[in-house]
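Below you'll find the structure, written out as structure tokens, and then a few comments.
The values are calculated or read from the model by the stated rules, or taken from the named source; none is laboratory data. Bear in mind the structure is a predicted one, so any value in this text is a computation, not a measurement. So basically every Cβ, Gly included, is an ideal-geometry build from the backbone, and we count neighbours across all protein chains shown.
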């Protein structure tokens, strides 16, 4: 079995060696968007895929955008409301995040950066220890292939 940190480093290097590409927003994603839903997105870091076309589509559909907010690894990650042109603050781990006083939201859909996935579609994403136990209720994920925006972007 390959050490996960070695595998992730290899996948990141391969991803970073490719030129960025625009990710088309699938019609299946658009069909799931409803006014008033909360879509959690992220600000890309390093070679991560840029989810902004998905976030723009969500805003156009009347959804609210939330971004992750992290104080430190030992505290739960929260999703805080973000207006698309609002200033972000620097957070730990290189994150750009909403100010701490922004409203906390429970996402209906989460766009998450990925490092890679296997032939069965199981995904490996950074920060999963921060993300996995943090939901008060499970989000409605679009579908595994549509949540896997990271590797599709390179």
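The single residue among 100, 48, 83 that is within 30 Å of residue 7 (Cβ to Cβ) and in a loop (DSSP other than H, G, I, E, B) turns out to be 48.
When residue 23 is tested against (1) farther than 24 Å from residue 68 by Cβ; (2) in contact (Cβ under 8 Å) with a residue 12 or more places away in the chain; (3) within 19 Å of the chain's Cα centre (by Cα), exactly one condition is not met: (1). Of all residues in region 34-55, those being out of contact with any helix residue (DSSP H, G or I) (no Cβ under 6 Å at 6 or more places or on another chain) and either exposed (fewer than 14 other Cβ atoms within 10 Å of the Cβ) or without any contact (Cβ under 8 Å) to a residue 24 or more places away in the chain (or both) number 5.
To keep it simple, each residue is scored yes or no on (1) more than 20 Å from residue 33 (Cβ to Cβ); (2) modelled with pLDDT of 85 or more; (3) buried (at least 19 other Cβ atoms within 10 Å of the Cβ).
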| position | (1), (2), (3) |
| --- | --- |
| 71 | yes, no, no |
| 78 | yes, yes, yes |
| 81 | no, yes, no |
| 104 | yes, yes, no |
| 110 | no, yes, yes |
| 115 | yes, no, yes |
| 137 | no, no, no |
| 144 | no, no, no |
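The number of residues in region 29-53 being modelled with pLDDT of 80 or more and on the phi > 0 side of the Ramachandran plot comes to 1.
Within the span defined as region 10-28, every residue fails to be assigned to a strand (DSSP E or B) and at pLDDT 90 or above. Does residue 26 fit the bill of being surrounded by 19 or more Cβ atoms within 10 Å (Cβ to Cβ) and within 17 Å of residue 114 (Cβ to Cβ)? Against the criterion (surrounded by 19 or more Cβ atoms within 10 Å (Cβ to Cβ) and within 17 Å of residue 114 (Cβ to Cβ)), residue 26 does not qualify.
Restricting the search to region 83-113, which residues are under 22 Å from residue 29 (Cα atoms) and touching a residue at least 40 places away in the same chain (Cβ under 8 Å)? If the condition is that a residue be under 22 Å from residue 29 (Cα atoms) and touching a residue at least 40 places away in the same chain (Cβ under 8 Å), then 105, 106, 107, 108, 109, 110, 111, 112, 113 are the ones that fit.
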